[in-house]
Amino acid sequence: MKTTDLKATFVLALLLASVMIFAQTTLLTVTGTVTNAQTNSLLQGVAVNEKGTSKGGTVTDKNGNYSIRVERGKTLVFTNLGYSSKEVLANSDTIHVSLSPESVVLNETVLIAD
């Protein structure tokens, strides 16, 4: 009876260990830089988030660098005011992104005088 309990405990421990190893391998720490596509200058303050989640994302530092932990195969969304957003598949631990400036044309100008 004790041998059966020992075998069951060993099998359960082995199963638990394999599940933990699999769970760790699906997480990926993605790092990289974000630049302006036209000038190649580094962009500070770009929001980097996992698409479709409300989990806390990150923001690029003054050198355009970021680091975020996501599951492999998820989509990262890069957004910054004045630039077109970009979606990139997280399948590598290093992803460099270039954002294109958005041109916004105003249709009307309103003058207010006293």
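Values in this text are rule-based calculations from the coordinates and carry no lab data. This one's a predicted model, so the numbers in the text were calculated from it and none came from an experiment.
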Q | Residue-by-residue Karplus 3J(HN,Hα) for the stretch 61-73, coefficients 6.51, -1.76, 1.60, Hz, glycine and proline x | A | 7, 5, 9, x, 8, 9, 8, 8, 9, 9, 6, 4, x
Q.
Output wanted: per-residue J couplings in Hz (rounded whole) for the stretch 30-46, from phi through Karplus 6.51 cos²θ - 1.76 cosθ + 1.60, θ = phi - 60°, x for Gly and Pro.
A. 9, 10, x, 10, 10, 10, 6, 5, 8, 9, 6, 7, 6, 10, 9, x, 6
Q) When N is the residue count of the stretch 27-99, what does its C-alpha Rg come to as a fraction of 2.2 N^0.38 Å? A) 0.99
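Under the definition of Cα pairs under 8 Å and six or more residues apart, what whole-number percent is the relative contact order of the stretch 27-99?
Worked out over the stretch 27-99, it gives 39 percent.
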Q: Write down the percent of antiparallel bridges among all DSSP beta bridges whose residues are both part of the stretch 27-99, to the nearest 5.
A: 80 percent
Q. Amide H to amide H, which residues 5 or more places from residue 72 or on other chains are under 5 Å from it, using H placed in the peptide plane?
A. 27, 28
Q) From the backbone phi of the stretch 95-100, what are the Karplus-calculated ³J(HN,Hα) couplings (6.51 cos²θ - 1.76 cosθ + 1.60, θ = phi - 60°) in whole Hz, Gly and Pro given as x? A) 9, 9, 10, 10, 9, 8
Q: Amide H neighbours of residue 46 under 5 Å, at least 5 residues apart or on other chains, H built in the peptide plane: list them.
A: 60
Q) residue 98's amide H: which non-local residues (gap 5+, or another chain) put their own amide H closer than 5 Å, with H modeled 1.01 Å from N in plane and none for Pro or chain starts? A) 35
